Amino acid sequence: MGTEQLIRIIPSLLLSKKKLVKGQNFSNYKNAGNPITTILALDSQKADEIFLIDLDAYKSRKNPDIETLKKISEILSTPLTFGGGVENIEASKKILMNGADKVFINTAFISNKKLIEEIAYIFGSQAIVAGLNLINYKNSFIISEDNSKRIDPINYIKELEDRGVGEIKITYVDIEGSRKGMEIEYSKKILAKARVPIIFEGGIGKLDHLKECCENKINNIAIGSLITFSDYNIIKIKQYLNNENFEVRI
């Protein structure tokens, strides 16, 4: 089965105390290596984009590690999305003026969607990636940072699009790091309504999971465990998808 749309394989990395870490279900984090050497390797393997989130900044709502961002951006040719604890226009400016191609923001948009318009006015919509961390709740999904449990994720995505977000990243918290496979059905519901590119993350643990995503038009796939704790690299992954007749950049 082929597809006309180019498949994007996007390493999703977490930064903590200047090291990479990887966990499961947003906990139990383990050391996953040096950010600079790892990202250089992913760059040479032709990753389509790289996500780097400052976990410490995200948890404590403090300023993200701009120093590490600058070091990485100076040696990187792959588009880089960077975030973690970004809550205002000043933090967004710092990130985008210190080497990131896009700024990643999740929690702040729940209470302050005008921030989208502020960033878009200065840098353009293409510079904004909104993040939604989804968890299972009463046989459906809710946004984990939504304390009211009343925000419908699909309606929320439409509002983000209307405000000017250029891209959205969905992470399925319950299966993140589990390597059990992607949440296909709800992803298809999101894609049926979405107008901007949607990146999906969570549960990818083997090549068959990637094939299943591509067969269901889930074409922007973020991966963590598959490349962190296995023998797979981006070259092997893309070669596999190419052999399965999916369009990838090799």
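Just so it is clear, none of the values below were taken in a lab; they were calculated from the coordinates. In this text the structure is predicted, and so the values were computed from the model without any measurement. A quick note on method: Cβ atoms are made from the backbone with ideal geometry, for glycine too, and the neighbour counts reach across all protein chains shown.
Report the paramagnetic label zone for residue 211: residues of the stretch 220-239 whose backbone N is under 16 Å from a point 7 Å from Cα along the Cα-to-Cβ axis. Flagged as within label range: 236-239.
Structure remark: mean-square fluctuation, Gaussian network model of the chain, C-alpha springs under 10 Å; the largest value among 216, 147, 233 belongs to 147.
Each Lys and Arg Cβ is given +1 and each Asp and Glu Cβ -1; about its Cα centre, the chain then shows a dipole of about 400 debye. Springs between alpha-carbon pairs under 10 angstrom, Gaussian network model over the chain: which of 141, 104, 82 fluctuates most? Largest GNM mean-square fluctuation: 141. Between 44, 64, 10, the Cα set farthest toward the positive side of the dipole of the chain (charges on each charged residue's Cβ, about the Cα centre) is that of 64. Given R₀ = 30 Å, FRET efficiency for residue 114-residue 137 by Cβ-Cβ distance, to 0.05? Efficiency computed from Cβ-Cβ geometry: 0.65.
Sequentially through the stretch 212-227, phi angles give Karplus couplings (6.51, -1.76, 1.60; θ = phi - 60°) of 4, 4, 5, 5, 9, 6, 8, 9, 10, 10, 8, 10, x, 4, 4, 9 Hz, Gly and Pro residues having no value and appearing as x.
Helical runs (DSSP H, four residues minimum) scored at -39500 (n - 2.57) apiece and divided by the length of the chain put the mean residue ellipticity at 222 nm at -10000 deg cm²/dmol. For the stretch 5-52, the set of trypsin sites (Lys or Arg not before Pro) satisfying both a DSSP loop assignment and a count of at most 15 other C-beta atoms within 10 Å is given as 17, 18, 46.
Each residue of the stretch 10-23 was assigned a 3J(HN,Hα) from its phi angle through the Karplus curve 6.51 cos²θ - 1.76 cosθ + 1.60 (θ = phi - 60°); the sequence is 10, x, 10, 10, 10, 10, 8, 6, 6, 10, 7, 9, 9, x Hz, with glycine and proline shown as x. In terms of surrounding Cβ atoms within a 10 Å radius of their Cβ, 97, 182 rank from fewest to most as 97, 182. Our estimate of slack between residue 152 and residue 44, defined as 0.36 nm per intervening residue step minus the Cα-Cα distance, is 34.9 nm. Using C-alpha pairs below 8 Å separated by at least 6 residues, the relative contact order for the chain is 22 percent.
Once the chain from residue 6 to residue 74 is taken as fully extended at 0.36 nm per residue, the excess over their C-alpha distance is 21.8 nm. Remark: the Cα gyration tensor places the chain in the rounded category, a/c being less than 1.5. What the Cβ-Cβ distance of residue 185 and residue 249 gives, at R0 = 22 Å and to the nearest 0.05, is a FRET efficiency of 0.20. Antiparallel beta bridges, as assigned by DSSP with both residues in the chain, represent about 25 percent of the total such bridges.
Once C-alpha pairs closer than 8 Å and six or more residues apart are averaged by separation and normalised to the residue number of the stretch 187-245, the relative contact order reads 35 percent.
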